[in-house]
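Please treat every number below as a calculation from the coordinates, not as lab data. This is a predicted model, so every value here is computed, not measured. Quick reminder, even Gly has a Cβ in these numbers, built from the backbone with ideal geometry, and neighbours come from all protein chains shown.
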Amino acid sequence: MPGSGDGERTEPRPSPRSKRAEIVAVATKLFGENGYEDTKWADVATAVGLGPTALYHYFESKQQCLFEILVEAIEDAQAEFARLTEGEFAVGLPNLLWGTFERDDREVCRARVLVAEQGLVRHPRPQPREEEARLRAFALVKDYEANWRDFLAGGMEAEVIPRTDPVLLARALIGIHNSVWAWYRSEGEMSPAEIAEFYVPRMLGIAGMPG
């Protein structure tokens, strides 16, 4: 009403996109700290200040939200992979292995969710938005593994590392790296950098490159 603008002012409502991003961030934290199965969808709603039914305006289900978290995680991993593997293979592989251990608490939490739940992307879902998100996550997982495979095959072709099955080598290195986030906790005694000091030379050794 004219003339009433000098009174109380209300904060602008967050856009649907920003609220959706907040839900993803909060769900990532809760799934990572408590486990996906042990986190209720209502817990996420409470943490973001919504009623449980209001979440369905943004996500079809908790499962869809999980798949969106996995999509975000793998897309970021793809971008990181491209950045760290630029240049010669002899430099790129060590850069990649060291770089993938540089994680803040949010990224560690998200990596834990990815490692624990990525197997779900192989199982079709009945709901359309769940299935769409699942298919995107599944395609990204396959692309990420293919990038590792092709990168390692290039190192073999250049005779920087010994020839072997690049698919198995890619899965071995990815698996070793992923295993860390299943047990690592930020409140523990070691930092990701300290863990990398143990793991990276041994991973390079598996690939056949001096650490």
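Tabulated data
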quantity: Average Cα contact separation per residue, the chain, under 8 Å, 6 or more apart, as relative contact order %; calculated: 21 percent
quantity: Rounded to whole Å, sorted largest first: equivalent-ellipsoid semi-axes of the chain, Cα gyration tensor; calculated: 39, 19, 17
quantity: Residue exposure sequence - Ser61, Ser18 - by fewest surrounding Cβ within 10 Å; calculated: Ser18, Ser61
quantity: Around Val160: net Lys/Arg minus Asp/Glu count, Cβ-Cβ under 15 Å; calculated: -3
quantity: Under 5 Å, built H, 5+ apart or other chain: amide partners of Leu50; calculated: none
quantity: Nearby lysines by direct alpha-carbon distance to Lys29 (threshold 19 angstrom, same-chain neighbours under 8 apart not counted); calculated: Lys19, Lys40, Lys62
quantity: Helix-only mean residue ellipticity at 222 nm for the chain, each DSSP H run of n ≥ 4 adding -39500 (n - 2.57), per residue, nearest 500; calculated: -22000 deg cm²/dmol
quantity: Sorted by Cβ neighbour density within 10 Å, fewest at the top, the residues Ile195, Ile23, Ile69; calculated: Ile195, Ile23, Ile69
quantity: Point-to-point label distance, Ala172-Leu135, nm (Cα→Cβ direction, 7 Å offset); calculated: 3.6 nm
quantity: Packing-based exposure ordering (other Cβ within 10 Å, fewest first) of Val24, Val91; calculated: Val91, Val24
quantity: Qualifying chymotrypsin sites (Phe, Trp or Tyr not before Pro) for the range 168-201 [loop in DSSP, other Cβ within 10 Å: at most 12]; calculated: none
quantity: Nearest-20 debye value, the range 120-211 charge dipole, Cβ charges on Lys, Arg, Asp, Glu; calculated: 380 debye
quantity: Point-charge dipole on Cβ atoms (K/R +1, D/E -1) for the chain, about Cα centre, debye to 20; calculated: 560 debye
quantity: Within the range 62-136, GluC sites (Glu not before Pro) in DSSP loop having at most 14 other beta-carbon neighbours inside 10 Å; calculated: Glu86, Glu88, Glu102
quantity: For the range 103-160 versus the range 52-90, the gap between their alpha-carbon centres in whole angstrom; calculated: 9 Å
